[in-house]
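S.K.: Pasting in a structure now, in structure tokens, and then I'll have a few things to ask.
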Amino acid sequence: MRSALRPERLTPGAWARLPEPPRPGRPRLWLGRVEDLSGAVAPLADALLDGGERARAAALHRVADRDGYRVAHVCLRLLLGAYLGIEPSDVPLVRRPCPVCRAPHGRPDVPGVSLCFSVSRTPGLCLFAFADTAVGVDIERLPDPEVVAALTTTLHPREADELAACPPNRRPAAFARVWTRKEAYLKGLGTGLGWDLRSDHLGACPHGPRRVPGWAVDDVAVGAECAAAVAVAVTSAER
């Protein structure tokens, strides 16, 4: 059984000190609360976000969603600038080609550097992962029972059976475990939800996900109201 990883709390100004680099096979995780960071981020958004990011933020209807988007993307650039030793405004973010369709919506990337990263957000929270190999991260609020019922059939058949065996009051947490493990893994692959969710069995067990060849998948401790997971590609020496 692998214990859930504990992220470091991201506070205003944390990016001003040199962050500890990720260890081989072990990601560096940061958890940020939007309400703690929005005041520090707001004055920086216009200078650090590119035109596409500003347009996507402006298109969000709810103020909370706009704040969450800006916090996630500004803090990502601030952390990348700190890790890479460059100005956050000079961080050149691109998307790698999708492994499935080759369109430019795969993993985010900074060309020419070995640092890999991933970011995920859910209302009120942002989770960041940095690693020396491909990495994906996901965080989700526990879903309503109606969402669980609607989406369970999209999962691996054994995952659907595991959820059916859960008492109804525990099913939303079990579903969130499965979903975040699966989405973190698919984000690490670079396919996102374009991959068939029924293809891989990561499991609903509260004691940790099933092993996936070539990857280390771990739960992330983010509190009782959310679930989170991170997936990191591992080399043969790290297995």
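The values are calculated or read from the model by the stated rules, or taken from the named source; none is laboratory data. Please read all numbers here as calculations on a predicted model, not as lab measurements. For neighbour counting, all protein chains shown are included, and Cβ atoms are generated from backbone atoms with ideal geometry for every residue, glycine included. Protein only, heavy atoms only, side chains kept; ligands, DNA and RNA dropped before computing areas. Shrake-Rupley method; radii C 1.70, N 1.55, O 1.52, S 1.80 Å.
S.K.: Take residue 70 and tell me if it is under 21 Å from the mean Cα position of the chain (by Cα), charged (D, E, K, R) and either under 19 Å from residue 29 (Cα atoms) or surrounded by 18 or more Cβ atoms within 10 Å (Cβ to Cβ) (or both). Show your work before the answer.
M.R.: Details: under 21 Å from the mean Cα position of the chain (by Cα): yes; charged (D, E, K, R): yes; either under 19 Å from residue 29 (Cα atoms) or surrounded by 18 or more Cβ atoms within 10 Å (Cβ to Cβ) (or both): yes.
Considered against the rule, which asks whether it is under 21 Å from the mean Cα position of the chain (by Cα), charged (D, E, K, R) and either under 19 Å from residue 29 (Cα atoms) or surrounded by 18 or more Cβ atoms within 10 Å (Cβ to Cβ) (or both), residue 70 comes out as yes.
S.K.: Evaluate the following for residue 191: is it among the polar types (S, T, N, Q) and either modelled with pLDDT under 95 or in contact with a helix residue (DSSP H, G or I) (Cβ under 6 Å, 6 or more places away or on another chain) (or both)? Walk me through how you get there before you give the answer.
M.R.: Working: among the polar types (S, T, N, Q): yes; either modelled with pLDDT under 95 or in contact with a helix residue (DSSP H, G or I) (Cβ under 6 Å, 6 or more places away or on another chain) (or both): yes.
Criteria met by residue 191.
S.K.: A further question on this structure: Looking only at residues that are part of a helix (DSSP H, G or I), touching a Leu at 6+ places or on another chain (Cβ under 8 Å) and within 30 Å of residue 66 (Cα to Cα) in segment 119-170, which one is most open to solvent (accessible area, probe 1.4 Å)?
M.R.: Quick first cut of segment 119-170, residues part of a helix (DSSP H, G or I) only: 145-154, 157-165, 168-170.
From what's left, touching a Leu at 6+ places or on another chain (Cβ under 8 Å): 148, 152, 154, 159, 163.
Subset that is within 30 Å of residue 66 (Cα to Cα): 148, 152, 154.
Details: 148: 6, 152: 24, 154: 47 Å².
Top of the filtered list is 154.
S.K.: Quick check on segment 39-64: of everything there that is of a type in the set (Asp, Glu) and without any contact (Cβ under 8 Å) to a residue 24 or more places away in the chain, which residue is surrounded by the most Cβ atoms within 10 Å (Cβ to Cβ)?
M.R.: By that ranking, first place goes to 53.
S.K.: Next question, about the same structure. Got at least one residue in segment 171-181 being touching a Leu at 6+ places or on another chain (Cβ under 7 Å), within 18 Å of residue 232 (Cβ to Cβ) and either among the basic types (Lys, Arg) or open to solvent by 40 Å² or more (accessible area, probe 1.4 Å) (or both)? Before the answer, list the steps.
M.R.: So the first thing to find is which residues in segment 171-181 are touching a Leu at 6+ places or on another chain (Cβ under 7 Å), and the list is 171-176, 178, 181.
If we keep only those that are within 18 Å of residue 232 (Cβ to Cβ) too, we end up with 181.
With either among the basic types (Lys, Arg) or open to solvent by 40 Å² or more (accessible area, probe 1.4 Å) (or both) added as a condition, the list becomes 181.
Looking through segment 171-181, at least one residue is touching a Leu at 6+ places or on another chain (Cβ under 7 Å), within 18 Å of residue 232 (Cβ to Cβ) and either among the basic types (Lys, Arg) or open to solvent by 40 Å² or more (accessible area, probe 1.4 Å) (or both).
S.K.: Can you tell me which residues in segment 186-225 are farther than 30 Å from residue 169 by Cβ, outside any loop (DSSP other than H, G, I, E, B) and touching a Gly at 6+ places or on another chain (Cβ under 9 Å)?
M.R.: Step one: list which residues in segment 186-225 are farther than 30 Å from residue 169 by Cβ, which gives 188-192, 194-195, 213-216.
If we keep only those that are outside any loop (DSSP other than H, G, I, E, B) as well, we get 188-189, 192, 194, 215-216.
Across segment 186-225, the qualifying residues are 188, 189, 192, 215, 216.
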